[in-house]
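Student: Attaching a single structure in structure tokens format; questions to follow.
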Amino acid sequence: LMSVMRNDKVAIAQFNHYVTERVIPNDTRFAEQWDKHNTGQTGGTADADIDAPEAWETTAGGLTVFGDTIVVAIVDGGQQVAHPDLDTWTNWAEIPGNGIDDDNNGYIDDINGWNANLNNGTIPANNHGTHCAGIAGAKGNNNQGVAGVNLTVKTMPVVGSSGTESIVIKAYGY
């Protein structure tokens, strides 16, 4: 490049950078998600969104810079732990249904999260919690459903959406 720039017949020269396409997930309902990528598709203002595709050029979630798995706790009424568009966190240090706190974290059988209402690992298939988990981390680029703010992240349901302060504190304590 330097030899080209020194040539008096060349006005401007720069490196030929590689360009990549913006990340637009192939999820079947992504085009409806104006909050992430607004093209005016619902009559709204184009680019009035969170610039998700621009952010996904940097990262789509999954791992921290140190290689740790990113887990987002969803404190709500539960979630569908087997939902095909969610990657629900699993506590691999627990043995399901044995009634023992295998990982010594103070919670018995907390396989996919914790239920502060019942003080156990039973997670109800709550629609609102599932929706909130999807906003935070529905699997992106999997050719189904929607894309979450994080395309690759695990969600951990914590049941604790309550009008009672003690339950909410227990949920956040988990």
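The values are calculated or read from the model by the stated rules, or taken from the named source; none is laboratory data. These numbers were taken from a predicted model, which means no experiment stands behind them. Here the Cβ is made from the backbone with ideal geometry for all residues, glycine too, and neighbour counts use every protein chain on show. Quick note on the areas: whole protein, heavy atoms, side chains included, nothing else; ligands and nucleic acids left out. Shrake-Rupley method; radii C 1.70, N 1.55, O 1.52, S 1.80 Å.
Student: Would you point out which residue out of ASP27, ASP68 is crowded, with 16+ Cβ neighbours inside 10 Å, under 27 Å from TRP89 (Cβ atoms) and acidic (Asp, Glu)? Let's see the steps before the verdict.
Tutor: Values: ASP68 fails: crowded, with 16+ Cβ neighbours inside 10 Å.
Answer to the selection: ASP27.
Student: Is it fair to say ASP101 is of a type in the set (Asp, Glu) and buried (at least 17 other Cβ atoms within 10 Å of the Cβ)?
Tutor: In short, no.
Student: Right, another one. Going residue by residue through the stretch 32-54, is there one that turns out to be among the β-branched types (Val, Ile, Thr) and within 30 Å of GLY160 (Cα to Cα)?
Tutor: Scanning the stretch 32-54, I find at least one residue that is among the β-branched types (Val, Ile, Thr) and within 30 Å of GLY160 (Cα to Cα), so the answer is yes.
Student: For the structure I just gave you, tell me whether TYR107 is open to solvent by less than 60 Å² (accessible area, probe 1.4 Å) and among the aromatic types (Phe, Trp, Tyr).
Tutor: In short, yes.
Student: Same structure again: Just one of TRP92, TRP114 is over 24 Å from HIS37 (Cα atoms), among the hydrophobic types (A, V, I, L, M, F, W, C) and surrounded by 19 or more Cβ atoms within 10 Å (Cβ to Cβ); which is it?
Tutor: TRP114
Student: Taking the condition of being under 15 Å from GLY77 (Cα atoms), assigned to a helix (DSSP H, G or I) and open to solvent by less than 60 Å² (accessible area, probe 1.4 Å), how many residues in the stretch 151-174 meet it?
Tutor: 3
Student: Let me ask something else about it. Do you know which of the residues in the stretch 121-150 that are open to solvent by 60 Å² or more (accessible area, probe 1.4 Å) and β-branched (Val, Ile, Thr) is farthest from ARG29 (Cα to Cα)?
Tutor: THR122
Student: Looking only at the stretch 88-108, which residues are free of Cβ contacts under 8 Å to residues at least 60 places away in the same chain and closer than 20 Å to TYR172 by Cβ?
Tutor: ASN91, ASP101, ASP103, ASN105, GLY106, ILE108
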